[in-house]
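Asker: This is the structure I want to talk about, given as structure tokens.
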Amino acid sequence: MNELFLGLLTFFTSTIAGVVGIGGGMMLIAILPAFLPLNALIPVHGLTQMSSNFSRAVFGYKDVQYETIPKFLIGSIFGIALFASILSMISLEYVPLFIGFYILLSLWSAKFNDKIKKYENYYLVGFLQTGLSIVVGATGPLTMTLLLKDYKDKDKVVATGAALMSITHILKVFVFMYFGFVFFDYIGIIVAMIIGAVAGSYTGTKLRDKIDGKKFLMLLKVLLSALAIKVIIGVFL
């Protein structure tokens, strides 16, 4: 029954991510602790999100802006290598706070955007998103915030975001394998969740076509803002 429920749950969250581009993974990780031990939580969630994002990118491959991928990948490799090597030596307690404020200012403050523009790029976002992803839950909005500035077409934003987040989750899965996590111990749950993730990506991609572009972009900004506020509040709870 756990496998069936988690498969359906992943289908639902992946459908949401397929429509809006973000939010499904955060919903999923909020519910998973009721079904998985803490040591398996982030690895299983990472593998599932890899499937969700990769399948979403495949279904929308015509809209992926491929010029962003090499820059993001280079940053990601450096980020995951650095943070994996110094993980036990640093405190990342307040990192979500800075991520949350960055997202809010980036979405709503023209003055902040003018000042940050010369520093903001896919190398840096890849470095931070992928490096921090092994310990901080809310790094996905970093990429979506930058894409939202660079591309106004909803399909380009969602498909490219999925491709870049796939890189983050693939590298994260390799890190957990390197540190000895045995994914096969949870193979039944993983298979059910991957099936749900791929089916949800397909459904979400089809539903996205029915949303007006301007309404979609405003919805995404509001959702990103809500997630940022949630991250900030979570630091103090």
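The values are calculated or read from the model by the stated rules, or taken from the named source; none is laboratory data. The structure presented is a predicted model; accordingly, all values stated were derived computationally and were not measured. No Cβ is skipped: glycine too gets one built from the backbone with ideal geometry, and neighbour counts run over all protein chains shown. Just the protein is used for accessible areas: all its heavy atoms, side chains included, with ligands, DNA and RNA removed. Shrake-Rupley method; radii C 1.70, N 1.55, O 1.52, S 1.80 Å.
Asker: Could you give the C-alpha radius of gyration of the range 84-193 expressed as a fraction of 2.2 N^0.38 Å, taking N as the number of residues it contains?
Answerer: After normalising by residue count via 2.2 N^0.38 Å, the value is 1.23.
Asker: Take the cross-link list K172/K210; K115/K210; K118/K214; K111/K172; K62/K111; K117/K206 and give me the ones stretching past 29 Å between alpha-carbons.
Answerer: Pairs exceeding 29 Å: K172/K210; K115/K210; K111/K172; K62/K111; K117/K206.
Asker: For the chain, what is the accessible area per residue in Å², given a 1.4 Å probe and the full set of protein chains?
Answerer: 49
Asker: Continuing with the same structure: Working out 0.36 nm times the residue gap between K115 and M177, then minus their Cα-Cα distance, what length gain in nm do you get to one decimal?
Answerer: 18.3 nm
Asker: Tell me, what % of the accessible area of the chain is carbon and sulfur with a 1.4 angstrom probe?
Answerer: Solvent-exposed carbon and sulfur of the chain make up 72 percent of the total.
Asker: Compare M218, M27 by solvent-accessible area with a 1.4 Å probe and give them largest first, with all protein chains kept in place.
Answerer: Highest to lowest solvent-accessible surface, that is M218, M27.
Asker: Another question, then. First measure r as the distance between the Cβ atoms of N2 and L97, then evaluate 1/(1 + (r/R0)^6) with R0 = 35 Å and state the FRET efficiency to the nearest 0.05.
Answerer: Calculated value: 0.55.
Asker: Please work out whether the range 181-237 counts as rounded, prolate or oblate from its C-alpha gyration tensor, where a ≥ b ≥ c are the square roots of the eigenvalues and a/c under 1.5 means rounded, while otherwise a/b larger than b/c means prolate and anything else oblate?
Answerer: It is oblate, given that a/c is not under 1.5 and a/b is not larger than b/c.
Asker: Now for a separate question. Just to be sure I understand the curve: with the Debye formula and one point per C-alpha of the range 1-84, what is log10 I(q)/I(0) at q = 0.21 Å⁻¹?
Answerer: -1.08
Asker: Let me check something: with ligands and nucleic acids excluded, how do F98, F181 order by accessible area (1.4 Å probe), largest to smallest?
Answerer: The ranking, largest first, comes out as F98, F181.
Asker: Next up: How large is the Kirkwood hydrodynamic radius of the chain, in angstrom, based on all distinct alpha carbon pairs?
Answerer: After inverting the pairwise mean of 1/r, the radius is 17.8 Å.
Asker: While we're on this one: So for I195, I99, I74, what's the accessible-area order with a 1.4 Å probe, most first?
Answerer: The ranking, largest first, comes out as I195, I74, I99.
Asker: Can I get the semi-axes of the range 23-64's equivalent ellipsoid? Compute them from the C-alpha gyration tensor as square roots of 5 times the eigenvalues, in angstrom, largest first.
Answerer: Ellipsoid semi-axes (Å, largest first): 25, 10, 6.
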